[in-house]
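Below: one structure, written as structure tokens.
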């Protein structure tokens, strides 16, 4: 479907989340995200020096509808540490990173996701952009987090007016060998005023993965 050109960006506002510990106790079944995959990854960045991957989460995947509330919720869960309440994230850290005109109701993951779902267009194809940035096992977690969060704030929220939920996972806490990583879940549409507006075209077209990789490479070169 046709998408409008991007608008001129203004400085963005950052809403900072918290680091949460896993709470013990029984886990209600409704609080555990389903294991069903909600998108097909476009694969890792092709530059050998970049450890990241890219994907576009569609509104419908394999005949199943996606909701932004589910897309965000499942990334806020650290594997092996399910939520004990519907919106009590167990990932290592999370942030909501907002464009300048986003309404205050978007300052938490659930409120943002609900707005995006409520304003979805009937023929809309793309729901969200998923960028995953990985870091070495020996790297300082706070350093990787700030690199990823700064990238999302500048390159997505500020430059492209799209809101982002950032979630850091550390698989070692669940007995896995995968690298620490940060998921950046960005809306496929910008937020202007109190509304979802046009699409983030350069991160949705045929060159989207290459564009994302270039942005991350430039950011790392300037800030790592």
Q) Since residue 176 meets every condition but one in (1) crowded, with 20+ Cβ neighbours inside 10 Å; (2) outside any strand (DSSP E or B), which condition does it not meet? A) (1)
**Q.** Residues located in region 107-128, provided they are over 18 Å from residue 161 (Cβ atoms) and assigned to a helix (DSSP H, G or I)
**A.** 109, 110, 114, 117, 118
Q) In this structure, does residue 174 turn out to be in contact (Cβ under 8 Å) with a residue 24 or more places away in the chain, in contact with a strand residue (DSSP E or B) (Cβ under 9 Å, 6 or more places away or on another chain) and within 18 Å of residue 41 (Cα to Cα)? A) no
Q) Quick one: which of 90, 132 is buried (at least 17 other Cβ atoms within 10 Å of the Cβ), out of contact with any helix residue (DSSP H, G or I) (no Cβ under 9 Å at 6 or more places or on another chain) and modelled with pLDDT of 95 or more? A) 132
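In the list 162, 132, which residue meets the criterion of being in a loop (DSSP other than H, G, I, E, B), touching a residue at least 40 places away in the same chain (Cβ under 8 Å) and under 13 Å from the mean Cα position of the chain (by Cα)?
Of 162, 132, the one residue that is in a loop (DSSP other than H, G, I, E, B), touching a residue at least 40 places away in the same chain (Cβ under 8 Å) and under 13 Å from the mean Cα position of the chain (by Cα) is 162.
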Q: Mind listing whichever residues of region 34-84 are buried (at least 16 other Cβ atoms within 10 Å of the Cβ), farther than 21 Å from residue 113 by Cβ and in contact with a strand residue (DSSP E or B) (Cβ under 6 Å, 6 or more places away or on another chain)?
A: 44, 45, 51, 52, 53
**Q.** Flag if residue 222 is part of a helix (DSSP H, G or I), farther than 16 Å from residue 44 by Cβ, out of contact with any helix residue (DSSP H, G or I) (no Cβ under 7 Å at 6 or more places or on another chain) and at pLDDT 95 or above
**A.** yes
**Q.** Out of 74, 37, sole residue that is at pLDDT below 95 and more than 26 Å from residue 98 (Cβ to Cβ)
**A.** 37
Q: Could you figure out which of (1) surrounded by fewer than 23 Cβ atoms within 10 Å (Cβ to Cβ); (2) out of contact with any helix residue (DSSP H, G or I) (no Cβ under 9 Å at 6 or more places or on another chain); (3) assigned to a helix (DSSP H, G or I) isn't true of residue 139?
A: (3)
Q) Which one of these does residue 190 not meet: (1) over 13 Å from the mean Cα position of the chain (by Cα); (2) more than 12 Å from residue 99 (Cα to Cα); (3) crowded, with 17+ Cβ neighbours inside 10 Å; (4) modelled with pLDDT of 95 or more? A) (2)
Q: Select, from 156, 147, the only residue that is under 15 Å from residue 99 (Cβ atoms) and not in a loop (DSSP other than H, G, I, E, B).
A: 156
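The values are calculated or read from the model by the stated rules, or taken from the named source; none is laboratory data. In this text, all values refer to a predicted model and were calculated from it rather than measured experimentally. Using ideal geometry, Cβ is built from the backbone for each residue, glycine included, and neighbour counts are taken over all protein chains shown.
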